Amino acid sequence: MTLPSKENFSEWYHEVIQVAEIMDVRYPVKGLYVWFPFGFKIRQLVYSKLREIMDREHDEVYFPALIPETELGKEGEHIKGFEDEVYWITHGGLTPLDVKLALRPTSETAMYPMFRLWVRNHADLPLKVYQVVNTFRYETKHTRPLIRLREITSFKEAHTVHKDFEEAAEHVKKAIGFYKEFYDFLAVPYMVIRRPEWDKFPGAAYTIAFDTVMPDGRTLQIGTVHHLADHFARTFDIKYEAPNGEHYYAHQTCYGISERCIAALISVHGDDQGLVLPFEVAPVQIVIIPILYKGKEEAVMEACKELADKLNAFRVVLDGGEERPGAKYYKWELKGVPIRFEIGPRDAEKGVAVASFRDEKKKFEVPLDSINEELILKWAEELKQRLKEAAAERMAERVKFVETTGEIADWDGVVALHLCSNEDCGHQVEEYGKSLLGWFEELPEWLDLEPAGKCIVCGGEGRLAALAKTY
Ligand code: 5CA
């Protein structure tokens, strides 16, 4: 079986997650998929980094998956935003429930009634927690594995409570920093964009999103950070006693990342041969392939084993199976193994291995006694830098700056333009078949554009904004 070319991104994506054994898409419920062991291992490696970042400043918690209708419905904007997407549990066995229970679409309304009990005094603040759970959304747009799910299996949601708006706003900046670190770790480039008023999270004061650009030019929102002001605190009565004895409503933030981070990882780096993974998140980091000839097997296997032993700090596979070397290359390339060594009889005699990296096609010889942990880590870092630079370059090519609205429709990718904050102007630029992602909160280093200029619609004071077709 061969993969479709990545130029047909949609087919490539669908095929690669199946044949590289990330997700099994054959589960008989729309929008629900099964993690294969290999895919789950990637999930574990990626999420252990996310947890490491979260654990520095948050406590991990677990809240129930079921939310009573009475709580979910309390915050007006929030329920308006989610009512079309909620799955309801109406019965326990044959008995109708007194209060319907929602399967959490996100956990504000599960957590905040409890936060009311947890937050009493200024000394209880700031409160910072996170959980990694499944959430359910009855999505009506086209569902896709890892991208648009009805059961989001890996929803990392963080929730914080602060003494005032400013402290929460400072924390929003910090959360953006956490997510930047996470996506830099995955070598996935992103744009940090403030969503327009009409596209912010239901119940939020403002929303900052991370968007990446997929190979077909459509963008994928891979994380969001929301400032909730005191909207939920007023609804759920989350108040604290200040040192002056007065009681104030708290201000809150929340921010989330789902398995879309893995969709981005696969899509941004993959190629026609399959997955290309940064070293840290590769389930197999190094593969050693013996090139066996009759009568010379022993010396070759010996050299391979010695090398595998030397590298046992890493996830190494010595593939001594019956298949031909070509079949083995193919198999491990598909799985995105970053570093490959081959050793044949002549190499074993000379004391060398033939090395190659997943992202570069060239092979080179390396003396066996020069291979050690330090060298591997150096290669891993260089590989990540190459992936990061290549991905940023491809992404930059997908962004075009325009000065007239007539150019918006034609471009197959992200359109950057200057736009004022007037809602009418925002809606006008959306008339050309692309959605307004919003305004750049900061400019990525790979994008060399003017942060401010005249609004493309009214000529007023504008800032750099982005439009795109989105996933
Ligand atoms: N409570 C807030 C912060 S945790 C919240 O729910 N925000 S959200 O709705 O924007 O979701 C957080 C992130 O989850 C999104 O930025 C997006 O990357 C991802 N996401 C949202 N819906 C889906 C879905 N149906 N399938 C996969 N990922 C999703």
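Charge dipole of region 307-450 (Cα centre as origin; +1 on each Lys and Arg Cβ, -1 on each Asp and Glu Cβ, all else neutral): 1160 debye, rounded to the nearest 20.
Distance between the pseudo-spin-label points of Glu11 and Glu397 (7 Å out from Cα toward the beta carbon): 2.1 nm. A 1.4 Å probe run over the chain, with the rest of the protein chains in place, finds 45 Å² accessible per residue. Calculated FRET efficiency, Glu166 to His122, Cβ-Cβ distance, R0 = 22 Å: about 0.90 to the nearest 0.05.
Here the accessible area is traced with a 1.4 Å probe on the protein chains. For region 172-289, carbon and sulfur cover 45 percent of it.
Tell me the net charge near Ala327. Cut-off is 14 Å between Cβ atoms, Ala327 excluded, with +1 for each Lys or Arg and -1 for each Asp or Glu.
Taking every Cβ under 14 Å from that of Ala327, the sum is 0.
Helical content of the chain, expressed as a calculated mean residue ellipticity at 222 nm, amounts to -10000 deg cm²/dmol (DSSP H runs of 4 or more residues, -39,500 (n - 2.57) each, divided by residue number, nearest 500).
A simple rule links phi to the HN-Hα coupling: the Karplus curve 6.51 cos²θ - 1.76 cosθ + 1.60 with θ = phi - 60°, which for region 438-453 gives x, 9, 4, 6, 8, 8, x, 5, 7, 10, 9, 9, 6, x, 9, x Hz, with x for Gly and Pro. Modelled spin labels at His247 and Lys378, positioned 7 Å past Cα toward Cβ, are 6.4 nm from each other.
Built from the Cα atoms of region 399-468, the convex hull projects on average onto 4.1 nm², one quarter of its surface area. In a DSSP loop and with at most 14 other Cβ atoms within 10 Å, the chymotrypsin sites (Phe, Trp or Tyr not before Pro) in region 37-79 are Tyr62.
The slack in the chain from Met114 to Arg26, taken as 0.36 nm per residue of separation less the alpha-carbon distance, amounts to 27.8 nm.
So if I take the alpha carbon set of the chain, get Rg, then get Rh from the Kirkwood formula, what is the Rg over Rh ratio? Rg divided by Rh gives 1.03. In whole angstrom, how far apart do the alpha carbon centroids of region 322-353 and region 122-158 sit? Spelled out, the Cα-based centre of one part sits 40 Å from the other.
Loop-resident chymotrypsin sites (Phe, Trp or Tyr not before Pro) (DSSP state other than H, G, I, E or B) in region 285-383 with no more than 13 further Cβ atoms inside 10 Å of their Cβ: Tyr293. In the chain, the longest principal axis of the Cα atoms and the axis of helix 37-55 are about 50 degrees apart.
Charging the Cβ of each Asp and Glu at -1 and of each Lys and Arg at +1, and nothing else, the dipole of region 1-159 about its Cα centre rounds to 200 debye. The HN-Hα couplings worked out from phi for region 345-356 by the Karplus form 6.51 cos²θ - 1.76 cosθ + 1.60 (θ = phi - 60°) are x, 5, 4, 4, 4, 6, x, 10, 10, 9, 9, 8 Hz, whole numbers, x standing for Gly and Pro. Distance between the 7 Å Cα→Cβ label points at Lys296 and Glu461: 7.4 nm. Evaluating 6.51 cos²θ - 1.76 cosθ + 1.60 at θ = phi - 60° for every residue in region 286-296, the Karplus couplings come out as 9, 10, 10, 10, x, 9, 9, 10, 3, x, 10 Hz, glycine and proline recorded as x. Take the chain and mark each of the trypsin sites (Lys or Arg not before Pro) that is in a DSSP loop with at most 14 other Cβ atoms within 10 Å; the longest unmarked stretch, sites excluded, is 142-293. The stretch between Asp410 and Ser356 holds 15.4 nm of extra length on full extension. This uses 0.36 nm per residue minus the Cα-Cα distance. Simple point charges give the picture: +1 on the Cβ of Lys and Arg, -1 on the Cβ of Asp and Glu, and for the chain a dipole about the Cα centre of about 980 debye.
What does the C-alpha gyration tensor say about the overall shape of region 281-379? Classify as rounded when a/c is under 1.5, otherwise prolate if a/b is larger than b/c, or oblate. Oblate, since a/c reaches 1.5 and b/c is not below a/b. Between 0 and 90 degrees, the angle of helix 297-310 with respect to the longest Cα principal axis of the chain falls at about 40 degrees.
Do any GluC sites (Glu not before Pro) in region 174-277 lie in a loop, going by DSSP, with at most 12 other beta-carbon atoms within 10 Å of their beta carbon, and if so which?
Here the GluC sites (Glu not before Pro) that fit, given the DSSP loop and packing criteria, are Glu246.
The values are calculated or read from the model by the stated rules, or taken from the named source; none is laboratory data. As the structure is a computational prediction, the values presented were derived from the model and not from experiment. Methodologically, a virtual Cβ is constructed for each residue, glycine included, from the backbone with ideal geometry; neighbour enumeration extends over all protein chains shown. To get the accessible areas, we keep the full protein, side chains included, count just its heavy atoms, and leave off ligands, DNA and RNA. Shrake-Rupley method; radii C 1.70, N 1.55, O 1.52, S 1.80 Å.
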